[in-house]
Amino acid sequence: MRILLDRDSSQPMYLQIQDRLQALIQSGSLLPGERLPSIRTLAKTLQVNKLTVIEAYDRLLAQGLIQARQGSGYFVDPIGIPAPSKPSGFEPAQNVVLCESQSNRPFAIYARSIQAKQQPGVIDLSCALPQTPPSDLARIVRRVSNDSDGIFFYDAIEGQSQLRQQIANLVLQLGLEASADEILIVNGAMQGLSLAMRHHLQPGDWVVVESPTFFSTQALLEQLGCRLIGIPMDREGMNLDLLERYLQSHRPKLIYTISSLHNPTGLTTHSSHRQQLLHLAAQYNCPILEDNAYEALHFGSAPPPLKALDSEGLVTYVGTFSKTLSPGLRVGYLVVPPSQYSALLEQRYLTDIHTASLPQAVVSEYLANGHYRRHLQQVRARLLQNRNQMLRALETHFPEEARWTIPEGGMYLWVQLPEHYRFQMQKLAQQARATNVLVLEGSAFFPDGVGYPALRLSYANVSPEMIEVGVARVGSLLKTLHEEVRFN
């Protein structure tokens with residue numbers, strides 16, 4: 001393998017290396033599965049710094065062109081699943097849902113997925129519990145445990161100062177400028193959502209949510225005695241014309257939104273949509289709770305968060321390391337308007353005082369050593385391959401009338417089915433379970449527990465081969481159910 005670099009070029013060396021390797025892979029000069037030179041070897045051969053080679057390899061990982069295998073090095077990706085060409089056909093009916101009581105039970109869904117992980121042969125397309133954490137995380141846990149006595153004592157309510165500063169630097173890369181004094185460390189995104197909701201809401205308040213939306217959020221709001229306004233989504237995100245109508249008529253006290261890699265649809269809203277949403281919130285003086293748990297898993301560059309555009313202190317931003325690093329660490333964070341920080345801090349103290357010191361120290365160490373960025377590159381590359389495999393499998397095996405979203409990252413996509421499947425969804429889930437495939441009915445994500453016929457499918461926890469098998473089984477069941485409905 002020969003790589004020629006132009007040292008007089010204005011193009012950085014790492015980009016030149018990336019471009020040369022990409023050309024060799026795409027031309028077939030480097031074959032699928034072929035081992036690449038080690039970082040040390042390539043740096044010595046090209047007479048460049050090792051960090052230059054690391055940056056080039058990281059970018060190739062993000063493109064899904066190479067894989068990193070722990071202890072073995074870097075290899076040309078053996079799968080190379082291309083993105084399908086069929087565009088998204090997601091066009092749901094635009095029906096607003098007003099709901100004064102809900103019956104969502106997210107605990108059962110979570111428990112079922114946990115059980116499935118312990119059963120051999122089950123293909124879980126229903127939930128996206130992150131896979132085994134990176135192997136170097138265990139080493140960091142041991143080192144932090146041995147080196148620090150401070151992890152055994154009470155800590156700051158708002159979280160460790162070094163970690164809050166690191167998170168401020170992290171969100172700055174998203175376009176969100178925040179100081180460490182605006183960041184509150186919490187036990188995962190769910191606690192952050194709960195704290196923010198309890199701060200803003202009282203029983204009987206109306207709350208705007210996307211329809212569909214994350215089912216656990218609906219359960220939290222039900223627990224608070226709130227009433228929901230489910231604003232339908234289209235390919236651009238929440239229907240803003242309908243939102244304004246209900247901001248006028250119902251005067252909700254909060255807008256809950258997932259602007260990037262939405263759960264369950266996988267959609268990411270564009271900058272213009274975010275600006276219009278923020279304008280409406282300011283016009284009607286309605287705070288926004290922005291839940292972006294999956295934002296770091298974007299395959300490209302997501303628009304700046306709503307919080308980054310917020311000049312009036314309307315937006316509270318929720319982030320987490322549970323989806324990217326380790327769910328067991330339970331480390332999330334809020335970026336809070338300064339005017340609300342003291343109140344949320346007091347409420348946090350009355351909840352559980354502070355997030356455990358050891359997980360905070362572990363995440364801080366992982367961020368400090370540069371492990372996190374490289375880990376994210378690998379996770380995104382794997383998710384991109386899995387997403388492409390699922391999209392191609394849907395094209396092959398699902399009925400022609402099915403429509404789905406094409407997410408730009410994250411762990412989920414959303415399949416919209418024709419109306420004649422409305423009363424077949426529970427039967428479909430049961431039949432799929434009998435074939436060792438778990439799927440989740442779309443009704444769980446609608447405020448009224450009904451919505452339209454749909455499935456949320458996860459491509460995060462299974463191999464491309466098992467995605468093909470699982471989607472094929474579900475597609476076959478859908479076609480059989482269609483024939484049953486047609487002849488009855």
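With a cut-off of 13 Å on the backbone N, the residues of the stretch 2-35 near the modelled label site 7 Å out from Leu51 along Cα-Cβ are 14.
Run the numbers for Arg373 and His420: contour at 0.36 nm per residue of separation, minus the present Cα-Cα distance, in nm.
Details: separation 47, 0.36 × 47 = 16.92 nm, distance 4.55 nm.
Extra length available between Arg373 and His420 comes to 12.4 nm.
Dividing the summed -39500 (n - 2.57) terms of all DSSP H runs of n ≥ 4 by the residue count of the chain sets its mean residue ellipticity at 222 nm at -14000 deg cm²/dmol. FRET efficiency for the Tyr349 to Ser27 pair, using the beta carbon distance and R₀ = 56 Å, is estimated at 0.40. Using Cβ point charges alone (K and R +1, D and E -1), the dipole size of the chain about the Cα centre works out to roughly 1320 debye. Fully extending the segment from Leu15 to Glu312, taken as 0.36 nm per residue of separation minus the present Cα-Cα distance, adds 103.0 nm. Shape analysis of the stretch 347-443 based on the Cα gyration tensor places the equivalent ellipsoid semi-axes at 38, 21, 12 Å, largest first. Approximating the spin labels as points 7 Å out from Cα along Cα→Cβ, the Glu91-to-Thr435 distance works out to 2.9 nm.
Which value, in Å², gives the accessible area per residue of the stretch 288-439 when a 1.4 Å probe is used on the protein heavy atoms? Mind showing how you got there, number by number?
Working: 5410 Å² over 152 residues.
Per residue, the stretch 288-439 has an accessible area of 36 Å².
Counting only protein heavy atoms and a probe of 1.4 Å, the accessible surface of the chain is 49% carbon and sulfur.
Can you list which of the trypsin sites (Lys or Arg not before Pro) found in the stretch 1-96 are DSSP loop residues with at most 13 other C-beta atoms within 10 Å? Write out the running numbers ahead of the final one.
Numbers: sites: Arg2, Arg7, Arg20, Arg35, Arg40, Lys44, Lys50, Arg59, Arg69; in loops: Arg2, Arg7.
Answer in residue order: Arg2, Arg7.
Placing pseudo-labels 7 Å out from each Cα toward the beta carbon at Leu98 and Arg40 gives an inter-label distance of 7.0 nm. Using the 1.4 Å probe convention, the accessible area of the stretch 117-256 works out to 44 Å² per residue with neighbouring protein chains retained.
Under DSSP H, which helices of the chain have Cα atoms covering 27 Å or more of the helix axis and a Kyte-Doolittle average no less than -1.0? Once both thresholds are applied, what remains is 464-487.
Compactness of the chain is given as radius of gyration and Dmax, 23.3, 74 Å, from Cα positions. Each label point was placed 7 Å from the Cα along the Cα-to-Cβ direction; for Asn146 and Arg251 their separation is 6.2 nm.
When the chain is described by a simple charge dipole with +1 on each Lys and Arg Cβ and -1 on each Asp and Glu Cβ, the residue from Leu125, Phe215, Leu228 located farthest towards its positive end is Leu125. When the Cα positions of Ser10, Ala302, Ala381 are compared along the charge dipole of the chain, Ala381 comes out farthest toward the positive end, with charges on each C-beta of Lys, Arg, Asp and Glu.
The values are calculated or read from the model by the stated rules, or taken from the named source; none is laboratory data. Since we're looking at a predicted model, the values are computed, not measured. Note that we place each Cβ from the backbone using ideal geometry, even for glycine, and neighbour counts take in every protein chain shown. Ligands, DNA and RNA are stripped out before the accessible areas are found, and what is left, the full protein with its side chains, is counted by its heavy atoms. Shrake-Rupley method; radii C 1.70, N 1.55, O 1.52, S 1.80 Å.
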